Structure formats: structure tokens, C-alpha cells
1. Yes or no: the stretch 273-291 includes at least one residue that is assigned by TED's automatic domain parsing to the domain that holds residue 227, of a type outside the set (Ser, Thr, Tyr), in a helix (DSSP H, G or I) and over 25 Å from the mean Cα position of the chain (by Cα).
2. Give me the helices (runs of 4 or more DSSP H) completely within the stretch 1-78, filtered to those with at least 2 residues that are among the hydroxyl-bearing types (Ser, Thr, Tyr), ordered by residue number.
3. Which one of the conditions (1) of a type in the set (Val, Ile, Thr); (2) touching a Lys or Arg at 6+ places or on another chain (Cβ under 8 Å); (3) surrounded by fewer than 19 Cβ atoms within 10 Å (Cβ to Cβ); (4) closer than 26 Å to residue 318 by Cα does residue 251 fail to meet, given that it meets all the rest?
4. Inside the stretch 189-217, can you point out the residues that are within 18 Å of residue 319 (Cβ to Cβ) and in contact with a strand residue (DSSP E or B) (Cβ under 8 Å, 6 or more places away or on another chain)?
5. Mind telling me which of the residues 165, 145, 209 ends up being surrounded by 19 or more Cβ atoms within 10 Å (Cβ to Cβ), over 29 Å from residue 276 (Cβ atoms) and touching a Gly at 6+ places or on another chain (Cβ under 6 Å)?
6. How many residues are closer than 20 Å to residue 199 by Cα and surrounded by 23 or more Cβ atoms within 10 Å (Cβ to Cβ) when one looks only at the stretch 16-33?
7. Assess whether residue 264 counts as being touching a Lys or Arg at 6+ places or on another chain (Cβ under 7 Å), closer than 21 Å to residue 237 by Cα and not hydroxyl-bearing (Ser, Thr, Tyr).
8. Give me a count of the residues in the stretch 216-259 that are within 16 Å of the chain's Cα centre (by Cα) and part of a helix (DSSP H, G or I).
Amino acid sequence: MGEVLVYVDHVDGAVRKPTLELLTIARRLGEPVAVALGAGAEATAGVLGEHGAARVLVSDAGEFAQYLVVPKVDALEAAAKVVGPVAVLVPSSGEGKEVAARLALRLGSGVITDAVDVVAGDQGPVATQSAFAASFTTRSRVTTGVPVITVKPNSAPVEAVAAAGAVEALAVEFGALATGTRVVSRAAREATGRPELTEAAIVVSGGRGVGGAESFAVIEALADSLGAAVGASRAVVDAGWYPHTNQVGQTGKSVSPQLYVAAGISGAIQHRAGMQTSKTIVAVNKDPEAPIFELVDYGVVGDLFAVVPQLTEEVTARKG
């Protein structure tokens, strides 16, 4: 088997979990070669090597921080020319999907986005996706060029497998388009102490049934007892009860955690499209006819203000 490029998502050398999941998938397809860009790129090598990266191609050029997207595409194109990979794997974030699409165009290849699984096939990698608001599961492969595939977080386990993690400098020539869009300012997101929504193993979401912004404390309390992220339905964020950054759904963020708890959410198709690939789904709703009960693994018909606090107490007691 050949080599597989893995685009590294990191912050100043701290590698984010979706990248480690990609290394697990990459080992199914060939030998992982990681591409780390920007400040702290070389510092990622230790963790990447511990999770199966045979080589780590690094570049810390200032363009990666000063400009949007295109410099990263230039770097991945350069890496593809050096490695000649059998596939390129990218985390399925907003930026990741744009990088993947631009790279596929550069390479004359096909692109598959939002895969929830990737396995080796006789004619190349086969990706599994959820389509049409998760109503169908599709399996597809790229038939032209090097497959470029973005993979959703929580699609594979993080597995520690020792590899060399040998650091190699990546020479990148930036094209004229690389400096087209400059970053003029940055603002740090307010820290909540909770995991990032799209990466969380557990998500607790509240819907219209919560009743108001002041009542969201009951959702947050359960999330904190579970070490979970907090999500919200479109109705909630449109009403101004919770930030839009926490919206789960077709027009919000797509999540695929190990456990998804929906409290006071009816289960409109727009919301289901963003969470239906969750491994285990639990719903609490006082309406026994709520559409959310059509897809849950466990459902509780009851008042969330009676059920959720009891659940929080039980979780806290068992942790103690």
C-alpha cells in the first residue's frame, strides 16, 4: 500500500482530536504522512508519531496565519507532489472542506465531503456518507485522480500506534492567489470549559421545550455532569436563548458524538440532519408523538424539568 496524506488540525502545536482519528483511518489505507502547517508545526511530531504518522512534513511560513485557506492549499499541493499519495484525508470542518475542494481541483481529482467512515477497497478508498438529511447511507469512491476526503469528527477511534514521526521540512511556493484574503484581526472565543461541539463525544441539546434562555441552566448542568458539549435547536438560537455557534442542524453544525441527548426538541428534519449519525440517541419530550422518537435508541416521555435534573443527579452520584 502507498502513503496517505493527513492534514493536521492543530493550535500552536497542540493537535486536535479529529486529526488523531484521521490517522486511525489512514492506517487502513496505507502509511500515514502528516502535513503540519503554521506556528508550532514541528511540535506536533511527537503526538503524531505516537498515533501512527511515519513522517511529518512541516512548514511554519507566516502566510498560513496571515492569509485565509489558499496558502494551506498550496502546501498540500506541494506535499502531494512530494509524496504521491493514494489518498488525502482532511478534517471535515468548514475550512477543511474548502481546503479539500480547492486541493481536488488543483490535483484534477474528485472530492468526497463529510464521510463518516473510510475503508480500503479493491479500486481505492470507499467512503460512507449520510445523505438527504441522513435519510440514506451511501458508499462511494473517487474514480479520477487522488481521492481527497473530508471526515467528520468522531468517525473513528483514536488509537496510539508508535511510528517514526520523522520531521521533514516541506518547501512551499505560494501562488499569486495566496495573499488574496488577509486576516486583519482575531478575537479569542470565550472559554466555557466544555468540549468543542463538533468534536465532543457527548452532546446535550435543548430545544423549544426549554422555554427560555434562563431555563437553559438545566441543560448545561446535565452537560457538565457528563463532560459534554451543549447544543441547541434552530428555534432556540433564532429566539436568542442560546448562541448561534451552538446550533445543531442542517443550517448549523453537524455532530456525530457517541451519545446525543435531545431535551425538549421535537425532531424537525432540519435538526435531525445535523445529529442523526450520532451513535446513541436519547430524547426527553412530553409529546409522545414527537418526530424525534422515530430515530432514538432511548426515549423518555415526560417533562424535561422533572426528568433532566434527576438524570443529572444520578450521573453526579455515580461519578462520586
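The values are calculated or read from the model by the stated rules, or taken from the named source; none is laboratory data. Predicted model, so just to flag it, every value in this text is computed and none were measured. Heads up, the Cβs are rebuilt from the backbone with ideal geometry, glycines too, and the neighbour counts pull from every protein chain shown.
1. Yes: one or more hits.
2. 17-29
3. The one condition residue 251 does not meet is (4).
4. Within the stretch 189-217, 194, 195, 200, 201, 202, 204 qualify.
5. Matching residue, one of 165, 145, 209: 165.
6. Matching residues across the stretch 16-33 total 8.
7. The answer is yes for residue 264.
8. Total satisfying the criteria: 2.
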